[in-house]
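A.B. asks: Got a structure for you, written out below as structure tokens; questions coming shortly.
The values are calculated or read from the model by the stated rules, or taken from the named source; none is laboratory data. The structure presented is a predicted model; accordingly, all values stated were derived computationally and were not measured. Every residue, glycine as well, gets a Cβ built from its backbone with ideal geometry; the counts of neighbours run over all protein chains shown. To get the accessible areas, we keep the full protein, side chains included, count just its heavy atoms, and leave off ligands, DNA and RNA. Shrake-Rupley method; radii C 1.70, N 1.55, O 1.52, S 1.80 Å.
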Amino acid sequence: MTVPADLRLGIDVGGTNTDAVVVDRDDVLLAKAKVPTTPDVTTGIAASIEAVLARLGEGRDRITHAMLGTTHATNALLARTGLRRVAVLRIGGPATRAVPPLATFPPDLRAAVAAGTAVVDGGIEFDGTEVAPFDPDAAARFFASVRDRAEAVAITSVFSAVSDRHELAAEAVARAVLGDVHVSLSHEVGSIGLIERENATVLNAALVGVAETVARSFGEALARQGLRPAEYFAQNDGTLMELEYALRYPVLTIGCGPANSIRGAAHISGVRDALVADVGGTSTEVGVLLNGFPGESGDPAGIGGVRTNFRMPGLVTLPLGGGTVVAGRERPVRVGPQSVGYRLTESALVFGGATATLTDAAVAGGRVEVGHRRPPARHRAALAEALARSDALLAEAVDQAKVVRGKQPLIVVGGAGFLVPDRVPGVSEVLRPPDHEVANAIGAAIGQVSGQVERIARFGVGGRSTAVAEAAESARQQAVRAGADPERTEIVDIEEVPLAYLTDPAVRIRAKAAGPLRFG
């Protein structure tokens, strides 16, 4: 009898714990494990794989796909470490010289990533005509000037979402001058706005080295267990991208953790529209579940102090988690933002430690039974006040996260979900589905593969239906290139925004497609 090869391994790296699960072809959970996140992150990933395979027992040979949601890129940006130096070329002169490239970067991040910047003539109008002819000679002179220090290239052109021809021409120049160097093109990374798109493109180029390191470590950890699955990375919108795609667009992995949790919450609860609270050891994220996917932020995303406009889940983040420190015994007590994080089982009162935490408060309040001792009586009043304050902050976050009027269910996931009370103002019911503590890893394991395009179209050229159909097909093809099954990939969202400030009728079209992984 032939043994089926149809299992998927999902891993999510959080600030406190690294979770791993194995699911079958029907998304049924077969094994789960939770291990502490290690300072180097990679060691924790290897430990989580070893732990979940031990729980799985027989069947590891059936694992065909492995999905990783990781904080490596976020950590690198916050710490300003492991980033490549980027030659930043903007094609937008003479119109866009007033605000130079990297002008909105924090000084320390600019110093960490900049190999040099330049603005050359060129760019596209919204109707596809040229603002000015692209100046390849000026671009070549710039790349030659940074040849000894540029480790990657970021190229941004005005309205490249309408036409990418100037960016592609500049890429050819970069390769001719710098050789085999990574080149990030803004029309593949960001949205319409020039500065935010340029920022996202620079961050993407700077993170390429981090992505290569993570991919190598992930592959080695799998190989040590005798696994050779197809590797995927989770991205910001709760979908997956193939390894090669992730290596080209590492910036899309930022924010994948909350997105995984929301996707996992939808799967284990069976609910497609709700609020989701992901409570970990260090922080709580409250987001929105819309039609089974994370609701995206309508505001530019701030990453490492930089405004960008790529896809990110809309979240309200609180510095509250199971390891959050409760300080002082006199009112008012201080609740966070310090956290004992992955040292919870060493530090918390209920584990015999000396640090009062919100986990201790939950035990004292009768919400959970963990540890091997009750919090000492002298801490009880402070812990009760801390828990009440945590409840109030959570209720406020839920109110801020809402995108529809009226009460909605709240799905609670994460290892410290016990902090959420059974009744929350503005919430119809609090749902705590089975396996909620590893919802993030489940979200990574069951993720679909997506593609998204955004462009500006004039209705006078081919009409609205043609423009929408072309955008939808481009999104579908992008999803298929990223690993989706072409037979089951469908359009999940189309957004049209009229651009009333232009003289000719025009519309911004954003199309998104998603499909399950292709097997075999």
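Every residue, every condition in (1) crowded, with 19+ Cβ neighbours inside 10 Å; (2) within 28 Å of the chain's Cα centre (by Cα), yes or no:
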residue	(1), (2)
THR104	no, yes
LEU109	yes, yes
ALA115	yes, yes
PHE134	yes, no
ARG147	no, no
ALA170	yes, no
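A.B. asks: Another question, then. Condition first: of a type outside the set (A, V, I, L, M, F, W, C) and in contact (Cβ under 8 Å) with a residue 12 or more places away in the chain. Now tell me which residues in region 411-425 satisfy that.
C.D. replies: From region 411-425, those of a type outside the set (A, V, I, L, M, F, W, C) are 414-415, 417, 421-423, 425; that's our starting set.
Matches in region 411-425: GLY414, GLY415, GLY417, PRO421, PRO425.
A.B. asks: Where residues in region 208-248 are touching a strand residue (DSSP E or B) at 6+ places or on another chain (Cβ under 9 Å) and β-branched (Val, Ile, Thr), which of them is nearest to ALA265 (Cα to Cα)?
C.D. replies: THR239
A.B. asks: Here's a follow-up. Quick one: is THR74 more than 28 Å from VAL449 (Cα to Cα) and surrounded by fewer than 24 Cβ atoms within 10 Å (Cβ to Cβ)? Before the answer, list the steps.
C.D. replies: Details: more than 28 Å from VAL449 (Cα to Cα): no; surrounded by fewer than 24 Cβ atoms within 10 Å (Cβ to Cβ): yes.
Judged against the criteria, THR74 is not a match.
A.B. asks: Is it the case that some residue within region 161-176 is without any contact (Cβ under 8 Å) to a residue 60 or more places away in the chain and within 19 Å of VAL251 (Cβ to Cβ)? Let's see the steps before the verdict.
C.D. replies: Of region 161-176, the ones without any contact (Cβ under 8 Å) to a residue 60 or more places away in the chain are 163-165, 168-169, 171-173, 175-176.
Okay, now just the ones that are also within 19 Å of VAL251 (Cβ to Cβ), so 164, 171.
Yes, some residue in region 161-176 is without any contact (Cβ under 8 Å) to a residue 60 or more places away in the chain and within 19 Å of VAL251 (Cβ to Cβ).
A.B. asks: Okay, moving on. For region 478-489, indicate whether the set of residues that are hydroxyl-bearing (Ser, Thr, Tyr) and free of Cβ contacts under 8 Å to residues at least 24 places away in the same chain is non-empty. Even if it seems obvious, please write down each step before you answer.
C.D. replies: Going through region 478-489, the residues hydroxyl-bearing (Ser, Thr, Tyr) turn out to be 489.
Retained after the next criterion (residues that are free of Cβ contacts under 8 Å to residues at least 24 places away in the same chain): none.
No, because not a single residue in region 478-489 is hydroxyl-bearing (Ser, Thr, Tyr) and free of Cβ contacts under 8 Å to residues at least 24 places away in the same chain.
A.B. asks: Go through region 351-375 and give me each residue that's over 12 Å from PHE418 (Cβ atoms) and among the β-branched types (Val, Ile, Thr).
C.D. replies: Within region 351-375, THR355, THR357 meet the criteria.
A.B. asks: Return the residues of region 63-96 that are closer than 30 Å to ILE124 by Cβ, touching a strand residue (DSSP E or B) at 6+ places or on another chain (Cβ under 8 Å) and at pLDDT 90 or above; say none if nothing qualifies.
C.D. replies: Our first condition is that a residue be closer than 30 Å to ILE124 by Cβ; within region 63-96, this holds for 73, 77, 83-96.
Right, trim to touching a strand residue (DSSP E or B) at 6+ places or on another chain (Cβ under 8 Å) and you get 77, 84-94, 96.
Those that are closer than 30 Å to ILE124 by Cβ, touching a strand residue (DSSP E or B) at 6+ places or on another chain (Cβ under 8 Å) and at pLDDT 90 or above: ARG84, ARG85, VAL86, ALA87, VAL88, LEU89, ARG90, ILE91, GLY92.
A.B. asks: Do you know which of the residues in region 5-42 that are touching a Lys or Arg at 6+ places or on another chain (Cβ under 6 Å) and modelled with pLDDT under 90 is least open to solvent (accessible area, probe 1.4 Å)?
C.D. replies: Result: ASP6.
Yes/no per residue for (1) open to solvent by 30 Å² or more (accessible area, probe 1.4 Å); (2) closer than 30 Å to SER474 by Cβ:
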| residue | (1), (2) |
| --- | --- |
| ARG423 | yes, no |
| GLU429 | yes, no |
| PRO434 | yes, no |
| GLU437 | yes, no |
| ALA441 | no, no |
| VAL449 | no, yes |
| ILE456 | no, yes |
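A.B. asks: Which pairs turn up if I take residues in region 128-146 that are touching a residue at least 12 places away in the same chain (Cβ under 8 Å) and look for partners that are of a type in the set (Asp, Glu) and surrounded by 18 or more Cβ atoms within 10 Å (Cβ to Cβ) with beta carbon separation below 8 Å, at least 6 apart in sequence or on another chain?
C.D. replies: Partner pairs satisfying both residue conditions: ALA132/ASP121; PRO133/ASP121; PHE134/ASP121; ASP135/ASP121; ALA138/ASP121.
A.B. asks: Another question, then. Take region 202-220 and flag every residue that is among the hydroxyl-bearing types (Ser, Thr, Tyr) and buried (at least 18 other Cβ atoms within 10 Å of the Cβ).
C.D. replies: SER217
A.B. asks: Another question, if that's okay. What are the residues in region 357-372 that are aliphatic (A, V, I, L, M) and open to solvent by less than 10 Å² (accessible area, probe 1.4 Å), if any?
C.D. replies: Residues of region 357-372 aliphatic (A, V, I, L, M): 358, 361-364, 368, 370.
LEU358, ALA361, ALA362, VAL363, listed by residue number.
A.B. asks: Within region 149-168, which residues are open to solvent by 40 Å² or more (accessible area, probe 1.4 Å) and farther than 17 Å from GLU125 by Cα? So that I can check it myself, show each step before the final result.
C.D. replies: Going through region 149-168, the residues open to solvent by 40 Å² or more (accessible area, probe 1.4 Å) turn out to be 149, 151, 159, 162, 164-165, 168.
Once the filter is applied, which keeps residues that are open to solvent by 40 Å² or more (accessible area, probe 1.4 Å) and farther than 17 Å from GLU125 by Cα, region 149-168 yields ARG149, GLU151.
A.B. asks: Quick check on my filter: what residues within region 399-420 are in contact with a Leu (Cβ under 8 Å, 6 or more places away or on another chain) and open to solvent by less than 40 Å² (accessible area, probe 1.4 Å)?
C.D. replies: Going through region 399-420, the residues in contact with a Leu (Cβ under 8 Å, 6 or more places away or on another chain) turn out to be 401-403, 408-412, 416, 419-420.
Answer for region 399-420, where residues must be in contact with a Leu (Cβ under 8 Å, 6 or more places away or on another chain) and open to solvent by less than 40 Å² (accessible area, probe 1.4 Å): ALA401, GLN408, PRO409, LEU410, ILE411, VAL412, ALA416, LEU419, VAL420.
A.B. asks: Among the residues of region 287-299, is there at least one that is at pLDDT 80 or above, open to solvent by 20 Å² or more (accessible area, probe 1.4 Å) and touching a Gly at 6+ places or on another chain (Cβ under 9 Å)?
C.D. replies: Here is the first cut: in region 287-299, the ones at pLDDT 80 or above are 287-295.
Those left that are additionally open to solvent by 20 Å² or more (accessible area, probe 1.4 Å): 290-291, 293.
After this cut, where a residue has to be touching a Gly at 6+ places or on another chain (Cβ under 9 Å) as well, the list is 293.
Yes: one or more hits.
A.B. asks: Filter region 221-238 down to residues that are touching a residue at least 24 places away in the same chain (Cβ under 8 Å) and farther than 19 Å from ALA259 by Cα, then give me how many there are.
C.D. replies: Taking region 221-238 and keeping what is touching a residue at least 24 places away in the same chain (Cβ under 8 Å), we get 221-222, 224-227, 229-238.
Next, from what is left, pick out any that are farther than 19 Å from ALA259 by Cα: 221-222, 224-227, 229-230.
Count: 8.
A.B. asks: I've got another one for you. Out of the residues in region 397-412 meeting the condition of being among the hydrophobic types (A, V, I, L, M, F, W, C) and at pLDDT below 95, tell me which one is farthest from the chain's Cα centre (by Cα).
C.D. replies: Our first condition is that a residue be among the hydrophobic types (A, V, I, L, M, F, W, C); within region 397-412, this holds for 397-398, 401, 403-404, 410-412.
With at pLDDT below 95 added as a condition, the list becomes 397-398, 401, 403-404.
On the way: ALA397: 20, VAL398: 21, ALA401: 18, VAL403: 20, VAL404: 24 Å.
Filtering first and then ranking leaves VAL404.
A.B. asks: Restricting the search to region 329-346, which residues are open to solvent by 30 Å² or more (accessible area, probe 1.4 Å) and either of a type in the set (Lys, Arg) or assigned to a loop (DSSP other than H, G, I, E, B) (or both)?
C.D. replies: Within region 329-346, ARG329, GLU330, ARG331, PRO332, ARG334, ARG343 meet the criteria.
A.B. asks: Just for region 238-255: of the residues that are surrounded by 24 or more Cβ atoms within 10 Å (Cβ to Cβ) and more than 26 Å from ARG62 (Cα to Cα), which one is modelled with the lowest pLDDT? Reasoning before the result, please.
C.D. replies: First, the residues of region 238-255 that are surrounded by 24 or more Cβ atoms within 10 Å (Cβ to Cβ): 238-241, 246, 250-255.
Then keep just the ones that are more than 26 Å from ARG62 (Cα to Cα); that gives 250-255.
On the way: PRO250: 90, VAL251: 88, LEU252: 85, THR253: 86, ILE254: 82, GLY255: 77.
My answer is GLY255.
A.B. asks: How many residues does region 101-151 hold that are of a type in the set (Gly, Ala, Ser) and assigned to a loop (DSSP other than H, G, I, E, B)?
C.D. replies: Let us first name the residues in region 101-151 that are of a type in the set (Gly, Ala, Ser), namely 103, 111-112, 114-116, 118, 122-123, 128, 132, 138-140, 144-145, 150.
Checking which are assigned to a loop (DSSP other than H, G, I, E, B) leaves us with 103, 122-123, 128, 132, 150.
Selection size over region 101-151: 6.
A.B. asks: Next up: So, PHE233, is that one in contact with a Gly (Cβ under 8 Å, 6 or more places away or on another chain), under 19 Å from GLY69 (Cα atoms) and at pLDDT below 85 or not?
C.D. replies: Numbers: in contact with a Gly (Cβ under 8 Å, 6 or more places away or on another chain): yes; under 19 Å from GLY69 (Cα atoms): yes; at pLDDT below 85: no.
Answer is no for this residue.
A.B. asks: Still on this model: Between a first residue in region 373-395 that is within 23 Å of GLY426 (Cα to Cα) and a second residue that is open to solvent by 60 Å² or more (accessible area, probe 1.4 Å) and of a type outside the set (Lys, Arg), which pairs have beta carbons less than 6 Å apart while being 6 or more apart in sequence or on different chains?
C.D. replies: From region 373-395, the pairs are ALA395/PRO425.
A.B. asks: Does VAL404 satisfy being touching a residue at least 24 places away in the same chain (Cβ under 8 Å) and of a type outside the set (S, T, N, Q)? Lay out the reasoning, then the answer.
C.D. replies: Details: touching a residue at least 24 places away in the same chain (Cβ under 8 Å): no; of a type outside the set (S, T, N, Q): yes.
Answer is no for this residue.
A.B. asks: What are the residues in region 43-60 that are surrounded by fewer than 19 Cβ atoms within 10 Å (Cβ to Cβ), modelled with pLDDT of 90 or more and within 25 Å of ILE254 (Cβ to Cβ), if any?
C.D. replies: ALA47
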